[in-house]
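Nothing in this text is a laboratory measurement; each read-out follows from the coordinates by a stated rule. Keep in mind that what you see is a predicted model, and the values were worked out from it rather than measured. Ideal geometry is used to build each Cβ from the backbone, glycine not excepted, and the neighbour counts take in all protein chains shown.
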Amino acid sequence: MGDPEVIFIRVANRKNTREGRYVGRPTPLGNPYRVEAFGREGAVRRYREWFSRVKGEGKIAQTLAALEREAERRKTLTLLCWCAPEPCHAEVVAEEIASRLERKGYRVEVHVDGRG
């Protein structure tokens with residue numbers, strides 16, 4: 001059997017590109033925890049906890065499924081927020097989509113713009 005097909009997921013800063021899918025506020029995947037209130041690490045940590053509870057619900061589940069289909073169809077997906085290269089909730093979203101695709105047999109590479 002050959003090597004698995006590769007899908008690339010990129011997390012990029014919306015200040016630097018408009019090419020991709022915006023996942024910040026006010027989208028269903030936006031982080032309800034503000035950096036100003038919780039600090040960057042705290043906001044991402046709280047988002048991760050919240051996301052693990054709600055990722056199967058309503059608009060959130062629908063949006064994740066649509067992003068997964070797009071990545072599978074195009075073999076690439078760019079998620080946009082305002083944080084990259086800083087730690088960002090979009091990385092949590094990328095991890096979830098990558099996990100779903102890996103369960104289907106794809107190899108997924110996630111890259112955050114501005115990081116080595």
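Report the residues of the stretch 52-94 in range of a label on Arg25: point 7 Å along Cα→C-beta, backbone N strictly under 13 Å from it. Taking a point 7 Å out along Cα→Cβ of Arg25, the residues of the stretch 52-94 whose backbone N falls under 13 Å are 82. For the stretch 6-112, a simple Cβ point-charge model (Lys and Arg +1, Asp and Glu -1, everything else neutral) yields a dipole of about 240 debye relative to the Cα centre. Stokes-Einstein, applied to the Kirkwood radius of the stretch 6-112 over Cα pairs at a viscosity of 0.692 mPa s and 37 °C, places its translational diffusion at 239 µm² s⁻¹. Rounded to the nearest 20, the size of the Cβ-charge dipole of the stretch 26-77 about its Cα centre is 80 debye, with Lys and Arg at +1 and Asp and Glu at -1.
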